[in-house]
Amino acid sequence: MNDTPGWASPGSAPSEGQQPGASTPADRPDPAQPADQPRPDTTGSGPKWSQEQPPPAQWSAPTGPQGPGQAPPPPPPPGPGWGGNHPGTPGGYGGPGGYGGYGPHGGHPGWGGNWGGPPPAAKPGVIPLRPLGVGEILDGAVSTMRAYWRTVLTISLTVSVVTQIVAVLVQGLFLDDSTSVTVDSSSASLDELSREMGDALLGSGVIFVISMIGTVIATALLTTVTSRAVLGKPVTIGEAWRDARQQIPKLFGLIFLLLLIVAAIFTVGIAPGLLVALAGSKAGGAALAVLGGFAASIVALWLMIRFSLASPALMLEKQGIVKSISRSTKLVNGSWWRVFGIQLLASIIAAVVSSIVVVPFTLVAGALTGDGMSGLLNGTGNFGWTFLVVSGIGSVIGSMISFPITAGVTVLLYIDQRIRREALDLDLARAAGVQGSGAPSATPGS
């Protein structure tokens, strides 16, 4: 048995053809005598060995009592990494310093008592290149904002200023009357309450659409920054704009298509109630419209989560509008609740952080209005330009902080889903110049 260097079989015997102890000429076999004949007894004690012997590599010296005047054979030297767990033996499974860490002390990590799982994944940027956990996605979004704060905050500030200017103009010019309550709910008729509720929903819906457009644009522009942050490479505002410039028209087409889908869903949901109300049953029509709107909201939410990764797919893969929606559907398929939960958590965190800034500005804006805070709290005051401008400044600052969180989480969710389904971590490792990037993905995160 030929052992490789550094390894030895357990209980290895002396070299083949040599017995333990001293060798004398009388012990050597006569070359002229056939090998299958018994050797002559030179000690006068008669034959003691059978004719058929075990293979030399597996033979071991007898451990019984030795004859008079015969020294016991020396123990075989333990090979590195093998041998018993004997005191003072440096090698072995249980001894200290065993090969490859078989023993609990010393040795190569990752074997025996030092087994600690697979090696950690490479982390050239803000996230490790493996399937991510929820905390790692949130931490990656915050780390991107902290490491590339100049680029991230500039993009976020620009988008939030534009969206807030549009929101203030729309509220001040078109929705000023609909944002205040002018009907006493205790004595109002059903028609008046329905009209007030419709105006309030209209105003909230318009503001929501404007905010969604700003969020999608910020996500698209911050996609390049986040993708470079994953690789640990810096990016400037000019580089981010050059990378996203060609996809901006497609991005607005994607936003328009998503809004059209949402509008169609709500139209289908509310239409039966409207038809019943026009037929003469206003109470029944209103109830049916509310129920249909609730059902439409659930369907719209389900679709929007399935399409939520379309923006990163459009920007990073340079896909078309329909293809990016199809890619998002494929990536979210089977992980809807996980994607929904992570995005909901990110939205709550962003809303809490934004409200810390927005609420004080809103209070100051309410105090500066003609009716003061009492008019706003009672719902009898109008949202004048002073209120809209001051509260808009607070909304700009809040959006500047919240946009990077929601956008970063969306992009990292897209990257995480591609790592889980398409082994994107290998391509990212090669792009980052990580050595040994052909290894499979490490243990997935939660």
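Every number in this text was worked out from the coordinates using simple rules, so none of it is lab data. As the structure is a prediction and not an experimental result, all values here were calculated from the model. Glycine gets a Cβ as well: all are built from the backbone with ideal geometry, and neighbour counts include every protein chain shown.
Once the Cα-Cα distance is subtracted from the 0.36 nm per residue extended length, the LEU291 to THR267 segment shows a gain of 7.4 nm.
Spin-label model, LYS318 to LEU344: label points 7 Å out along the Cα-to-beta-carbon direction sit 3.8 nm apart. Within region 289-307, find all residues whose amide N lies under 13 Å from a label point positioned 7 Å from the Cα of SER281 along Cα-to-beta-carbon. Of the residues in region 289-307, 289 have backbone N under 13 Å from the label point off SER281.
Gain on full extension, evaluated as 0.36 nm per residue between VAL209 and VAL353 minus their Cα-Cα distance, stands at 49.7 nm. When region 134-428 is described by a simple charge dipole with +1 on each Lys and Arg Cβ and -1 on each Asp and Glu Cβ, the residue from PHE208, THR329, LEU258 located farthest towards its positive end is THR329. Sorted on the mean count of surrounding Cβ atoms within 10 Å across their residues, most packed first, peptides 421-430, 139-148 read 139-148, 421-430. Can you find, among THR386, VAL276, ILE397, the residue sitting farthest towards the positive end of the charge dipole of region 134-428, where Lys and Arg contribute +1 and Asp and Glu -1 at Cβ? Value computed over the given set: ILE397. Within region 349-368, name every residue whose backbone N is under 20 Å away from a label modeled 7 Å from Cα of VAL389 along the Cβ vector. Once the point is set 7 Å along Cα→Cβ of VAL389, 358-368 turn out to lie under 20 Å by backbone N, inside region 349-368.
Shape annotation for region 134-428: C-alpha extents along the principal axes are 66, 46, 33 Å, from largest to smallest. With θ taken as phi - 60° and the Karplus curve 6.51 cos²θ - 1.76 cosθ + 1.60 applied, the whole-hertz 3J(HN,Hα) list for region 390-398 is 5, 5, x, 4, x, 5, 5, 5, x Hz, x standing for glycine and proline.
Between THR236 and LEU274, the simple spin-label model (points 7 angstrom out along Cα→Cβ) gives 5.2 nm.
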